[in-house]
Amino acid sequence: MAHQPISMVDIHSLPLVYTDCSVTLDHPDHSVTLASADHATDQPNNLVTPALTSIPLAVGQEFPDVETCRRTLKDAAIALHFDLRIVKSDRSRFIAKCSKEGCPWRIHVAKCPGVPTFSIRTLQDKPRKHSSVFAIGPDNCFHRLFVSFRASIYGFINVCRPLLEIDRVDLKGKYLGSLFCAAAVDADDSLFPLAAAVVDSETDENWMWFMSELRKLLGVNTENMPRLTILSKRHRGLVEAVETHFPSSFHGFCLRYVSENFRDTFKNTKLVYALTVAEFESKISEMVEISQDVIPWFQSFPPQLWAVAYFEGVRYGHFTLGITEQLYSWAHECHELPIVQMMEHIRQQLVSWFDQRRNVGMRWASVLVPSAEKRVLEAVADAHCYQVLRANEVEFEIVSTERTNIVDIRTCVCSCRRWQIYGVPCAHAAAALISCGHNVQLFAEPCFTVTSYRETYSQAINPIPSRNFWKGPGEGTDGGGAKADITIRPPKTRRPPGRPKKKVPRAESTKRPKRVVQCGRCHLLGHSQKKCTLSV
C-alpha cells in the first residue's frame, strides 16, 4: 500500500479469506471495518464486523442457568462486534439490547416454570453492523488499520492471566507512522500478541480509537474485569484512552522504563525496590537524606503506578514490557515493506508461534509449565530451613532466624507478599503446605498450568491463499457497484526528501531499550541473583 494507491475492494477481499480475523481501516473521512468470509454480507455497501465465530441464537433456546445465558450473550456480542447493554437481570429474567442508538436488536430470556433452566422468549432483529464506508473529500489518504485474530482473543479471554502490555514504535519506511500493539503473556511467560494497528501518527485520538477497538474485542462489560492490569509507558493519550475504555483496570508503568528514567536523571542504576510499604518508605527516607532532588522525580513517577509495595494491580512477577523488543524487531524487519505486507509478516510469525508452542505444550507432562515449576521447586528447596507453627487449619507462622511470616493457605496470602505478587507459592507458603501434606504445585494460579498453556494455543490462525486469488476491484459486490471501488491513497506522512540510506538503520539509531539486570531469585530489576539482599 505504501507504493501505490490501493482499491478498497482489494483490501475488502483480503480479510474475506481471513476467516478468523477482525480488521478495521480508517482515514479522516472513512471508517471501514472488514469481515471474515463466513459472515460476508450480500449488500454491496455493508461490511460486517465479527471478531469471533458467530454464535446462533433462536427463540426457544434454553440455558442451564442465568450465568450461562449471560456468558453466551457476551460471546455473541463479541462475535458480532456490537456492544451489549443489560436492561434487566435478576433471578427470573434477563433482558438486553444493542447499545447502538436506533438499533432494534433486543433479547428477553426468562426462567422456565418448575425447572432451573432459562429460555429465550423474544429475539428482535439482528444487531446492526457498525461497518460502513464513508468518503468525504478528494484525498482519501490512509489513516489507520487495526488487525486482531480470533485465536488470540480466545486464548486471552479464556485462560491467560489478566495482564496486558501496550506499546508503540515509530515506522521508518517510505511512509512514516506508528505501529501500536497490545499483547498478553502466556503461562510460560512468552509474549502473546492480541492486536496490532498501524496509524499515520501517534495522537491522543489514535490511542483512543485503538483502545476502543480493543475493548470491543475483549468484551463490552469492562466493569466485569476488575483484576485487569495494563502495563505501558503511560503515554499521555494512552492514559486517557485506558481510563475511558477500561476504567476499572490498574494501569501501571513498565518498571524498565521507570528504571531507565531514574538512571538517566540521577546517573544511578539503583532504583528503590521493596515488597512491603515499610521497606519502601525506609529506603525512600535514605534517598531523601542524600539528595532532595529525588522528591520532584517521585512526583512525576508516583510509586502507586509502579512500585511493587504500592501498585494495586497483579503483575504475576511480570514487571517489564516484552512487547517493546518485539515491536522494534518488527519495525526493523519490515521497515521497507508496505503496510499490508508488514501485517502479513506479523501474521505469519504468529502462525509459527502458535504451531511451535502448541507442539511444545503437548510434550509437557507436568502440572505446571516449566517456568512456574522452577519457581515452585526453588520455594520447596528453601522451605526446609523454616520452623512451621500451625495456628489453625489455614493459618501458619513461619519462623526463621531473620523474621517471622504469616501464611494463610485458604486465601493464598503470605505476609512477605511474594505469593500474591508472583501467583505461585513462596518459600514460606511451601513450608506451610508441606507441613500439612499438600502438593505445593496445586496452589499456583490456574494460569500457570500446562492445561491453560495448551488451551491458550488451542485455536488456529487459518491460512491465506496467494495474492493472485484475492478479488479485484468490483468483485464480490452486486454488479460491481462503483461505491465499493473507493481508493485508499498512501498517507501524507512521507519520509523527508533526500538520498535514502542503503543499509538498515543500526540498532542504536532506533533507540532500542537498554538491558536492565533482573534478579533470578526475586525477579526484581537492578541487581543480580548473587547480589539479592531480600531474605527468602
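The values are calculated or read from the model by the stated rules, or taken from the named source; none is laboratory data. Quick caveat: nothing in here was measured; it's all calculated off a predicted structure. Heads up, the Cβs are rebuilt from the backbone with ideal geometry, glycines too, and the neighbour counts pull from every protein chain shown. These area figures cover heavy atoms from the full protein model, side chains too; ligands, DNA and RNA do not enter into them. Shrake-Rupley method; radii C 1.70, N 1.55, O 1.52, S 1.80 Å.
Mind checking which residues of region 392-410 are open to solvent by less than 80 Å² (accessible area, probe 1.4 Å) and either within 21 Å of L442 (Cα to Cα) or free of Cβ contacts under 8 Å to residues at least 60 places away in the same chain (or both)?
Passing the criteria: N392, V394, E395, F396, E397, I398, V399, T404, N405, V407, D408, I409.
Return yes or no: is N392 touching a helix residue (DSSP H, G or I) at 6+ places or on another chain (Cβ under 7 Å), farther than 24 Å from A184 by Cβ and polar (S, T, N, Q)?
When the stated conditions are applied, N392 does not pass them.
Would you confirm, using the coordinates I've provided, whether L238 is in a helix (DSSP H, G or I) and crowded, with 23+ Cβ neighbours inside 10 Å?
yes
Determine which single condition C416 fails, assuming it passes every other condition in (1) more than 29 Å from A183 (Cβ to Cβ); (2) touching an Asp or Glu at 6+ places or on another chain (Cβ under 9 Å); (3) open to solvent by less than 60 Å² (accessible area, probe 1.4 Å).
Condition not satisfied by C416: (2).
Scanning region 421-480 for residues that are of a type in the set (A, V, I, L, M) and outside any helix (DSSP H, G or I), which turns out modelled with the lowest pLDDT?
This residue is I464.
Return the total of residues in region 324-337 being open to solvent by 40 Å² or more (accessible area, probe 1.4 Å) and not charged (D, E, K, R).
Here the count works out to 2.
Of everything in region 120-146, what is modelled with pLDDT of 80 or more and either in contact with a Gly (Cβ under 6 Å, 6 or more places away or on another chain) or open to solvent by 70 Å² or more (accessible area, probe 1.4 Å) (or both)? Give them in sequence order.
Of everything in region 120-146, just one residue is modelled with pLDDT of 80 or more and either in contact with a Gly (Cβ under 6 Å, 6 or more places away or on another chain) or open to solvent by 70 Å² or more (accessible area, probe 1.4 Å) (or both), namely R121.
I'm trying to understand the selection: among the residues of region 381-391, which are open to solvent by less than 50 Å² (accessible area, probe 1.4 Å) and of a type in the set (G, A, S)?
The one that is open to solvent by less than 50 Å² (accessible area, probe 1.4 Å) and of a type in the set (G, A, S): A383.
Does region 314-323 include one or more residues that are outside any loop (DSSP other than H, G, I, E, B) and either surrounded by 19 or more Cβ atoms within 10 Å (Cβ to Cβ) or out of contact with any Ser or Thr (no Cβ under 7 Å at 6 or more places or on another chain) (or both)?
Yes.
Which residue, of V367, V424, is in contact with a helix residue (DSSP H, G or I) (Cβ under 6 Å, 6 or more places away or on another chain), open to solvent by 50 Å² or more (accessible area, probe 1.4 Å) and in contact (Cβ under 8 Å) with a residue 40 or more places away in the chain?
Step by step, each of V367, V424 is checked, and only V367 is in contact with a helix residue (DSSP H, G or I) (Cβ under 6 Å, 6 or more places away or on another chain), open to solvent by 50 Å² or more (accessible area, probe 1.4 Å) and in contact (Cβ under 8 Å) with a residue 40 or more places away in the chain.
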